[in-house]
Amino acid sequence: MILSVKTKSRTELIDITSQVAEQVKQSGIGDGLCMLYVPHTTAAVTINESADPSVRVDIEMVLNQIVPWEANYKHLEGNSPAHVKASLVGASELLAIENGALVLGTWQGIFFCEFDGPRTRKIHARVMDARLR
Amino acid sequence: MILSVKTKSRTELIDITSQVAEQVKQSGIGDGLCMLYVPHTTAAVTINESADPSVRVDIEMVLNQIVPWEANYKHLEGNSPAHVKASLVGASELLAIENGALVLGTWQGIFFCEFDGPRTRKIHARVMDARLR
Amino acid sequence: MILSVKTKSRTELIDITSQVAEQVKQSGIGDGLCMLYVPHTTAAVTINESADPSVRVDIEMVLNQIVPWEANYKHLEGNSPAHVKASLVGASELLAIENGALVLGTWQGIFFCEFDGPRTRKIHARVMDARLR
């Protein structure tokens, strides 16, 4: 299953928890794994607090401080900071499915991380049956 | 299986290798996967050197330097740096199980990463049978 | 399956996509998972752009800026920055296999990340049959 995500800013964390949860539900899987994978090199996926939207704003801010917009970059497309952030945050997440639902902590949500937007992006959500102990 | 971890400081890496290894052993699985998952948004899990305890002190120090304690944070709970560190280090790790034991490199151990302690935390350790090649 | 990687510099990202793809092909698996795992504590694995070699040079540069070579490190071996980078980038990646091939985005490649070279390193590439939806 491939989800589509439309981003509106250069740097932006978008809460995709409900979209992923819906896909898991539709799959009919009772117990198993859900693998999220971003097929882009200037975007990522992470799990963090979804209750307060200001958390994701703070994550965006610090990532932009850690990875400078201007430096002696060799890559000529001008989006090297986005590539660096993609490797720091990572292209995938692995979640458990129990009793037909994603296993997330109380405050956790799933965020698509845009680092070179705005663009229309994809994220793969693959589920599999598995007996976990 | 859910492991409990009691942390004593605000920032602290705790070696949980032996607890995870014990759970893998008790599961009786010969070959398969072990998925570690942190259901919190201000904590993480990582794999690094367990032989010299000073390595984890250095990791804590650099993370605290990279992510400033004070900044123009919007999140009012005062723990935004912990949320950022959680996304940089990541909520999960995936390990192989071979011949009934976790596959770790010679110097590797598994560390629960507390970024907003002290607290009593959880980490999920899920194992599954799988034929790996 | 264990791949060998020979690194030539202290910090170096090496494109191992074709080696991993060859192992997946030789396994004969049609649909499943490929788990990449680095059994070292001063190296990592990441997915990023493989088309322009300057991207990996920029990633190396920013990682060296983020994690200082000199600081009040406690670990006496002098390679604490490499340990920190290993935890920031991560020891593993999980990829899907479809129709006998690795699923990667158009611009994505797999990079072994050396942070304390030059050395001869290993990376585990484990594949398993799995029906993904």
Seminar exercise, completed: residue B:16 meets each of (1) under 30 Å from residue C:129 (Cβ atoms); (2) within 15 Å of the chain's Cα centre (by Cα) with one exception, condition (1)
Exercise. What are the residues in region A:120-131 that are more than 15 Å from residue C:130 (Cβ to Cβ) and either of a type outside the set (D, E, K, R) or facing chain C (nearest Cβ under 9 Å) (or both), if any?
Worked result: A:120, A:122, A:123
For this session: Please enumerate the residues belonging to region B:59-114 that are within 23 Å of residue B:130 (Cα to Cα) and over 18 Å from the mean Cα position of the chain (by Cα).
Result: B:98, B:99, B:100, B:101
Seminar exercise, completed: Note: among A:117, A:105, A:100, just one is away from chain B (no Cβ under 11 Å) and out of contact with any Ser or Thr (no Cβ under 6 Å at 6 or more places or on another chain), namely A:100
Exercise. Mind checking which residues of region B:6-40 are out of contact with any strand residue (DSSP E or B) (no Cβ under 7 Å at 6 or more places or on another chain), farther than 24 Å from residue C:124 by Cα and not in a loop (DSSP other than H, G, I, E, B)?
Worked result: B:26
Problem set entry | Hits in region C:41-94 (condition: closer than 18 Å to residue A:40 by Cα, more than 8 Å from every other protein chain (Cβ to nearest Cβ) and either part of a loop (DSSP other than H, G, I, E, B) or hydrophobic (A, V, I, L, M, F, W, C) (or both)) | C:45, C:50, C:51
Problem set entry | Qualifying positions in region C:115-133 - hydrophobic (A, V, I, L, M, F, W, C) and more than 15 Å from the chain's Cα centre (by Cα) | C:127, C:128, C:130, C:132
Exercise. Out of (1) within 9 Å of another protein chain (Cβ to nearest Cβ); (2) crowded, with 22+ Cβ neighbours inside 10 Å; (3) in contact (Cβ under 8 Å) with a residue 40 or more places away in the chain; (4) more than 15 Å from residue B:114 (Cα to Cα), the odd one out for residue B:34 is which?
Worked result: (1)
Problem set entry | Residues located in region B:62-107, provided they are of a type in the set (Asp, Glu) and surrounded by fewer than 21 Cβ atoms within 10 Å (Cβ to Cβ) | B:70, B:77, B:98
Seminar exercise, completed: Sole miss for residue A:106 among (1) in contact with a helix residue (DSSP H, G or I) (Cβ under 7 Å, 6 or more places away or on another chain); (2) of a type in the set (Ser, Thr, Tyr); (3) not in a helix (DSSP H, G or I) is condition (1)
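Every number in this text was worked out from the coordinates using simple rules, so none of it is lab data. Worth saying up front: this structure is predicted, and the values here are computed from it rather than measured. Please note: Cβ atoms are built from the backbone with ideal geometry, for glycine as well, and neighbour counts cover all protein chains shown.
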